[in-house]
Amino acid sequence: MEDIIKVNNIIKKFGNFTAVDGITFSVKKGEIFGILGPNGAGKTTAINMILGILRVTSGSILIDGMDNIKHATEIKNMIGFMTQETVVDAELTAYKNLEIFADLYHIKDVDSRVMESLRDGGLTDFANSKAGSFSGGMQRRLNLVKSMIHQPKILILDEPTTGLDVQNRVDMWKRIKALAKNGVTVILTTQYLEEADQLCNRIAIIDHGKIKALGTASELKKLVSNESILDIVTDESSVNKVSAILSKEFKLQVTENIDRVNAPIKADIALLSKIIASLTKNKIQIISIGIHLPTLDDVFIKLTGSGLRDALGEQQSNRARIMNMGR
Ligand SMILES: Nc1ncnc2c1ncn2[C@@H]1O[C@H](COP(=O)(O)OP(=O)(O)O)[C@@H](O)[C@H]1O
Ligand SMILES: [Mg+2]
């Protein structure tokens, strides 16, 4: 696939502070490319440079082969953008919010495009309601269709689901996936590991303005371990027994956490069957047992250390659990 966006060693300094410190990546046509990092990592700064809102201190950005600053006018129609903050005019109706944007892009048949957009956003019934009366999820949907009003081939989303509840987050993922399926190239930033994992074809993990790793979710996970993780949940009183069996009989390096025992293991079903047989023979109650690949959580820990954990409060408890596993 052809690269539609090429970001070459971009740096952004604010005075003495370097917010983006030499980032290079390319995005392929039709791809969903994720920039994953905690607050302050430099995500918005990088995005704003790609959009040409912010000048690079050094480096260059090519969009469809054109320098994004020199060819700003040509590029403008090619890109849709949704900012981190939901920006709809609360006093205006959904229809009017879209109409203003459609006019801005000199769209010919404004009414039919606005109606089509409202339909895409599931907002047809609310065309004449003030955007200010909308729920967070509805406002975000309005915002999304607004960024797509001119049917750009590139869509840039800065933290599209931050602050949304789970249901609206999943809804937004579906919408983004559908756009990509229709050929739109998407770059999005996120602080959610799961979002990057579920949604993005490739992910750049950034911290302190630098890319720490770049690849598909599974490539990134392999950075942590080529092996999988055995995960057994049992009742608390059996944890010690499970550990003993796994380490003595199967020579696994176990870690315990309350009602859970984990160990790196080859993804080998025959081996898993032997483990189950042995646990059964020892009359241990298994609540759940499985083998899973390392998660992006593990990747984060490995690549960025504790600073990142502190920044991502929401994911802290999950991370803490993994930390306790001693990996
Ligand atoms: N206009 C600015 N002037 C000075 N510092 C800035 C400016 N914009 C962003 N920064 C700093 O650059 C760093 C990266 O910010 P930002 O790109 O907004 O991070 P993110 O979007 O990943 O949360 C932060 O430390 C932020 O405080
Ligand atoms: Mg930001």
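The values are calculated or read from the model by the stated rules, or taken from the named source; none is laboratory data. Everything numeric here is computed off the predicted structure, so don't read it as measured data. Here Cβ is always computed from backbone atoms with ideal geometry, including for glycine, and neighbour counts include all displayed protein chains.
The rows are residues; the columns are (1) within 31 Å of the chain's Cα centre (by Cα); (2) not assigned by TED's automatic domain parsing to the domain that holds Ile47.
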{"site": "Ile211", "(1), (2)": "yes, no"}
{"site": "Lys221", "(1), (2)": "yes, yes"}
{"site": "Leu230", "(1), (2)": "yes, yes"}
{"site": "Ser237", "(1), (2)": "no, yes"}
{"site": "Lys241", "(1), (2)": "no, yes"}
{"site": "Ser247", "(1), (2)": "no, yes"}
{"site": "Leu252", "(1), (2)": "no, yes"}
{"site": "Thr255", "(1), (2)": "yes, yes"}
{"site": "Asp259", "(1), (2)": "yes, yes"}
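Among the residues in the stretch 263-276, are any in contact (Cβ under 8 Å) with a residue 12 or more places away in the chain and of a type in the set (S, T, N, Q)? Checking the stretch 263-276: not a single residue is in contact (Cβ under 8 Å) with a residue 12 or more places away in the chain and of a type in the set (S, T, N, Q). Here Val20, Val88, Val110, Val27 are screened, and the one residue that is closer than 18 Å to Thr161 by Cα, surrounded by 14 or more Cβ atoms within 10 Å (Cβ to Cβ) and not small (Gly, Ala, Ser) is Val88.
Residue under question is Ile149, and the condition is that it be touching a residue at least 60 places away in the same chain (Cβ under 8 Å) and under 26 Å from Thr190 (Cβ atoms); does it hold? Show your work before the answer.
Working: touching a residue at least 60 places away in the same chain (Cβ under 8 Å): yes; under 26 Å from Thr190 (Cβ atoms): yes.
Judged against the criteria, Ile149 is a match.
Checking the stated criteria, Gly42 turns out not to satisfy the condition of being farther than 25 Å from Gly183 by Cα, in the same structural domain as Thr190 (by TED's automatic domain parsing), at pLDDT below 95 and surrounded by 18 or more Cβ atoms within 10 Å (Cβ to Cβ).
Being part of a helix (DSSP H, G or I) and surrounded by 14 or more Cβ atoms within 10 Å (Cβ to Cβ) is the filter here, so list the residues in the stretch 277-299 that pass it. Walk me through it before giving the result.
Here is the first cut: in the stretch 277-299, the residues part of a helix (DSSP H, G or I) are 277-281, 296-299.
Correct list: Ser278, Leu279, Leu296, Asp297, Asp298, Val299.
Annotation: Asp259 fulfils all but one of (1) touching a residue at least 40 places away in the same chain (Cβ under 8 Å); (2) over 19 Å from Glu227 (Cβ atoms); the unmet one is (1).
Output the number of residues of the stretch 184-223 satisfying the condition of being in contact with a Leu (Cβ under 9 Å, 6 or more places away or on another chain) and within 15 Å of Asp297 (Cβ to Cβ). If you could, list the steps in order and put the result at the bottom.
Here is the first cut: in the stretch 184-223, the residues in contact with a Leu (Cβ under 9 Å, 6 or more places away or on another chain) are 184-197, 199-200, 202-207, 212-215, 217-218, 220-223.
Imposing the further condition that a residue be within 15 Å of Asp297 (Cβ to Cβ) reduces the set to 190-197, 203, 205, 207, 212-213, 217-218, 220-223.
Of the residues in the stretch 184-223, 19 are in contact with a Leu (Cβ under 9 Å, 6 or more places away or on another chain) and within 15 Å of Asp297 (Cβ to Cβ).
Being among the acidic types (Asp, Glu) and within 16 Å of ligand 2 (Cβ to nearest atom) is the filter here; which residues of the stretch 145-195 pass it? If the condition is that a residue be among the acidic types (Asp, Glu) and within 16 Å of ligand 2 (Cβ to nearest atom), then Asp158, Glu159, Glu195 are the ones that fit.
Keeping to the stretch 1-53, report how many residues are closer than 21 Å to Leu199 by Cα, free of Cβ contacts under 8 Å to residues at least 40 places away in the same chain and either acidic (Asp, Glu) or within 13 Å of ligand 2 (Cβ to nearest atom) (or both). Number satisfying all stated conditions: 2.
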